[in-house]
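Student: Here it is, the structure in full.
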Amino acid sequence: MRIAIAGFWLESVTFLPDVTDIAEFELGAKRGQAVIDGFAGTATPQGGLIDVLQDAGAELIGLTDAGVGAAASASDAAYDKYVGEIVDGLKAIEGKIDAVAIHLHGALATPTNRKADAGVLQAIRAVVGPDVAIACPMDYHANLAPESLEAADIITGFRYSPHTDMWETGARAARLLLGKLSGAINPVMAMAKPGIALPSVFSATRLKPLAELVAAAEDGGEGLLDCSLFGGFSYADTPDTGMTALAITDGDVDHANQWAEGMAKRCWELRDRLFQRELLHDVQGGVDRALEAAASAGKPVCILEHADRLNDSTYVLKDLIARGVKRAYAPFMFDPEVASAAVAAGEGAILNMPLFGKSSPKAGGAITAEARVLQARHLKFPITGPLKTGMVIDVGAAALLEIGGVMVSVISVQWSAIDMDCFTEFGLNPEDFDIILLRSKTHFRELYEPLCAEIVIIDTPDWGPAELSTLPYEYLPTGVYPVSG
């Protein structure tokens, strides 16, 4: 077996004013054999694909893998470049290949292309023809398009958020691909959409009743080869935005349709309960609640500023500084200007410059306060947490600052604080803090739920709010709850 391996992935926040351009994708881009070597043995969907296919004796041919976690829409130039590289790489392969295995997020969009993931798969299909199999593991937050099912043979999705099953999702796709190539199975797919756009903060798969739907999808049932329940990504404005049920059977498309439609119906019936608005606080009330809990907790209290899509919102940080709060830490905030200035100035320096809040007018505005540089250097490290374990991340110029008594780490490449690396890389201990200010949506829960006495969710008017009706959708279909359904 000869199988080409590729990836092009981004969770696109289409409402952000800028784009994610080639320079951002190039920070982690891999080509040729580096695709295989860089992901083998890692807790990623690419790792699951590669490990299982290599164990089966397949010859793997690395093409191009480029991705960014969550950011503004990909530029059209970036889309053209990386899809072009993948297509040209396929054309350049000498001899016959049996399959293409590619990781796509499922919420990729550009300013002119709101079905970008489907476009990638269609471009691949146009090159390889109808007889070469295409397998594609996708993110739980994919906005799955019908055109993707038409172009691919196999699509699998993460089942959990936090995404602790990235490797397994790639492995599921690889095992189905091996079965198809051997002739043991004839995988066919069907999907159904319940018409629900779920805010990311409510997409954590341990929250009930979502946990019950996820358990039913994980179990599947008799006659299914695989099934996925996608939570969707509501901050990508596309015609496909929203939850999706996907089933794969061995040649029985009617049964696949029946399962997908049944799961979509169950989601719709529970739609009101999926939105747990009672968990939300405004800034003042949320900080009040967190400080009250921290006073007697004996453990850190987590404040979750979940609507922050670029890790630079200042709403809660301003409030903590204004109150004179001590023993608080805001990890991995994004501000390349501040991080570079701190590295240039060195440890012990005092920075007087606008801090954070610069990504959009909704980010809360910059902080005007002195920042003392405690540590500053270029930061690159292997991920130690349960998500993407072993993958090396380079966050560029980085610094640990003290601003009015609050400790803040700042980085130059976006990366969310979802594990302990944001502490250990600066020699910090989470137990030394009363308040930890995070900007994750669900992924932090794997480690921070047991670590923290309480999680206080604060909703702000940034680009990732829990109240989706405040967003200026243009492409979302009518009838999607809660925006127009």
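The values are calculated or read from the model by the stated rules, or taken from the named source; none is laboratory data. Just so we're clear, the structure is a prediction, and the values are computed from it rather than from any experiment. Please note: Cβ atoms are built from the backbone with ideal geometry, for glycine as well, and neighbour counts cover all protein chains shown. To get the accessible areas, we keep the full protein, side chains included, count just its heavy atoms, and leave off ligands, DNA and RNA. Shrake-Rupley method; radii C 1.70, N 1.55, O 1.52, S 1.80 Å.
Student: When the Cα atoms of the stretch 204-247 are enclosed in a convex hull and the volume is divided per residue, what value in Å³ results?
Tutor: On the way: hull volume 3.1 nm³, N = 44.
Normalising the Cα hull of the stretch 204-247 by residue number yields 71 Å³.
Student: Rg and Dmax in Å for the stretch 346-412, alpha carbons only: what are they?
Tutor: Both quantities, over Cα of the stretch 346-412: 14.1, 38 Å.
Student: Please report the orientation-averaged projected area of the stretch 139-235, defined via the convex hull of its C-alpha atoms, in nm².
Tutor: 6.5
Student: Report Asp459's accessible area, 1.4 Å probe, all protein chains in place, as a number in Å² to the nearest 10.
Tutor: Surface open to solvent at Asp459 totals about 40 Å².
Student: Please give the per residue accessible area of the stretch 54-205, computed with a probe of 1.4 Å over protein heavy atoms only, in Å².
Tutor: So the stretch 54-205 comes to 30 Å² accessible per residue, rounded to a whole number.
Student: Relative to the present Cα-Cα distance, how much length would full extension add between Thr112 and Asp18 at 0.36 nm per residue of separation?
Tutor: 32.5 nm
Student: Right, here's the next one. I need the semi-axes of the equivalent ellipsoid of the stretch 303-389: take the C-alpha gyration tensor, multiply each eigenvalue by 5, square-root it, list largest first in whole angstrom.
Tutor: So the three semi-axes of the stretch 303-389 are 20, 19, 14 Å.
Student: Here's a follow-up. Once you have all Cα-Cα distances for the stretch 384-463, histogram them in 10 Å bins from zero and send the whole-percent values.
Tutor: 14, 50, 34, 2
Student: In the chain, which cysteines lack any other cysteine Cβ under 4.7 Å from their own?
Tutor: Cys136, Cys227, Cys267, Cys422
Student: If r is the Cβ-Cβ distance from Ser296 to Ala369 and R0 is 45 Å, what FRET efficiency results, to the nearest 0.05?
Tutor: 0.95
Student: Report the local net charge at Leu144: Lys and Arg +1, Asp and Glu -1, summed over other residues whose C-beta lies under 9 Å from its C-beta. Don't skip to the end; give the middle numbers.
Tutor: Working: positive: Lys193; negative: Asp117, Asp240.
So the environment of Leu144 carries a net charge of -1.
Student: Ok, one more. Going down the table (Lys299/Lys326; Lys115/Lys362; Lys81/Lys380; Lys30/Lys96), which pairs top 21 Å between alpha carbons?
Tutor: Flagged as over cut-off: Lys115/Lys362; Lys81/Lys380; Lys30/Lys96.
Student: Within 10 Å, count the other beta carbons around each residue, average over each peptide in 434-445, 194-205, and list them highest first.
Tutor: Sorting 434-445, 194-205 by mean packing, highest first, produces 434-445, 194-205.
Student: In whole angstrom, and with the biggest value first, how far do the Cα coordinates of the stretch 426-485 range along each principal axis?
Tutor: For the stretch 426-485, the Cα extents along the three principal axes come out at 49, 19, 18 Å.
Student: Output the relative contact order of the stretch 310-362, whole-number percent, from Cα pairs under 8 angstrom with separation of 6+ residues.
Tutor: On the way: 27 pairs, mean separation 27.2, N = 53.
Once normalised by length, the contact order is 51 percent.
Student: Can you list, bin by bin at 10 Å, the percent of alpha carbon pairs in the chain, starting at 0?
Tutor: Reading the bins upward from 0: 4, 21, 30, 26, 14, 5, 1.
Student: What order, most packed first, do the peptides 250-260, 121-131, 68-78 have when packing is the mean number of other Cβ atoms within 10 Å of each residue?
Tutor: Top of the packing list down: 68-78, 250-260, 121-131.
Student: Which net charge results when you count Lys and Arg as +1 and Asp and Glu as -1 among the other residues whose beta-carbon is under 11 Å from that of Pro194?
Tutor: +2
Student: Rounded to the nearest whole Å³, what is the per residue volume of the convex hull around the Cα atoms of the stretch 217-337?
Tutor: About 194 Å³ per residue, rounded to a whole number.
Student: Grab the other residues whose beta carbon is less than 13 angstrom from that of Lys30, score K and R as +1, D and E as -1, and report the net. Spell out each step's value before the answer.
Tutor: Values: positive: Arg31; negative: Glu26, Asp37, Asp65, Glu85, Asp394.
Cβ neighbours under 13 Å give a net charge of -4.
Student: Another question about this same structure. For the stretch 374-417, what is one quarter of the convex hull surface built on the Cα atoms, given in nm²? Don't jump to the answer; show the numbers that get you there.
Tutor: Values: hull surface 13.5 nm².
With every direction weighted equally, the projected area is 3.4 nm².
Student: Now a separate question. For Tyr475 and Glu26, what does the FRET efficiency come to when R0 = 25 Å and r is the distance between their Cβ atoms, rounded to the nearest 0.05?
Tutor: Calculated value: 0.30.
Student: Applying the Karplus parametrisation 6.51 cos²θ - 1.76 cosθ + 1.60 with θ = phi - 60° to the phi angles of the stretch 188-202, what ³J(HN,Hα) value in whole Hz is obtained for each residue in order, glycine and proline being reported as x?
Tutor: 10, 10, 8, 9, 8, 10, x, x, 10, 9, 9, x, 4, 5, 9
Student: Per-residue counts of other Cβ atoms within 10 Å, averaged by peptide: what ranking do you get for 312-318, 338-344, highest first?
Tutor: Result, highest mean first: 312-318, 338-344.
Student: What translational diffusion coefficient, in µm²/s and rounded to a whole number, does the Stokes-Einstein relation yield for the stretch 88-212 at 25 °C and a viscosity of 0.890 mPa s, taking the hydrodynamic radius as the Kirkwood radius over Cα pairs?
Tutor: Answer from the Stokes-Einstein relation: 156 µm²/s.
Student: Rounded to whole Å and sorted largest first, list the principal axis extents of the Cα atoms in the stretch 30-92.
Tutor: 37, 29, 14
Student: Out of all DSSP beta bridges with both ends in the chain, state the antiparallel percent to the nearest 5.
Tutor: The answer is about 45 percent antiparallel.
Student: To check my understanding: the extent here is largest minus smallest coordinate of the Cα atoms along each principal axis. What are those three numbers for the stretch 264-330, in Å, largest first?
Tutor: 50, 30, 18
Student: Okay, next question. Modelling each spin label as a point 7 Å along the Cα-to-Cβ direction, I'd like the Ala345/Asp131 distance in nm, to one decimal.
Tutor: That separation, rounded to one decimal, is 6.6 nm.
Student: When the Kirkwood hydrodynamic radius is evaluated over all pairs of different C-alpha atoms of the stretch 178-238, what value in angstrom, to one decimal, is obtained?
Tutor: Working: mean 1/r = 0.0721 Å⁻¹.
This gives a value of 13.9 Å.
Student: With a 1.4 Å probe and all protein chains left in place, how much of the accessible area of the stretch 154-298 comes from carbon and sulfur atoms, in whole percent?
Tutor: Details: 2560 of 5420 Å².
In the stretch 154-298, the share of accessible area belonging to carbon and sulfur is 47 percent.
Student: Over the stretch 4-152, what per residue volume does the convex hull of the Cα atoms give, in whole Å³?
Tutor: Measuring per residue, one finds 102 Å³ for the Cα hull of the stretch 4-152.
Student: At q = 0.13, 0.18, 0.19 Å⁻¹, work out log10 I(q)/I(0) for the stretch 331-382 with the Debye formula, treating every Cα as an identical point scatterer and leaving solvent out; two decimals please.
Tutor: Debye curve over Cα of the stretch 331-382, log10 I(q)/I(0) at q = 0.13, 0.18, 0.19 Å⁻¹: -0.33, -0.61, -0.67.
Student: Residue-wise, which Karplus ³J(HN,Hα) couplings in Hz belong to the stretch 236-251, taking 6.51 cos²θ - 1.76 cosθ + 1.60, θ = phi - 60°, and x for glycine or proline?
Tutor: Running phi through 6.51 cos²θ - 1.76 cosθ + 1.60 with θ = phi - 60° gives 9, 7, 9, x, 10, 4, x, 5, 9, 9, 10, 10, 10, 10, 8, x Hz.
Student: Let me ask something additional. P(r) tail for the stretch 235-279, what percent of Cα pairs lie past 13 Å?
Tutor: Here the tail beyond 13 Å accounts for 66 percent of pairs.
Student: With a Förster radius of 22 Å, plug the Cβ-Cβ distance of Arg273 and Asp219 into 1/(1 + (r/R0)^6) and report the FRET value to the nearest 0.05.
Tutor: After rounding, the FRET efficiency stands at 0.60.
Student: Another question, if that's okay. Given an 8 Å cut-off on Cα distances and at least 6 residues of separation, report the relative contact order of the chain as a percent.
Tutor: Relative contact order of the chain: 16 percent.
Student: 5 Å is the cut-off here: which amide hydrogens, built 1.01 Å from N in the peptide plane, fall below it relative to Ser412, excluding neighbours closer than 5 in sequence?
Tutor: Distant-sequence amide H within range of Ser412: Ala397.
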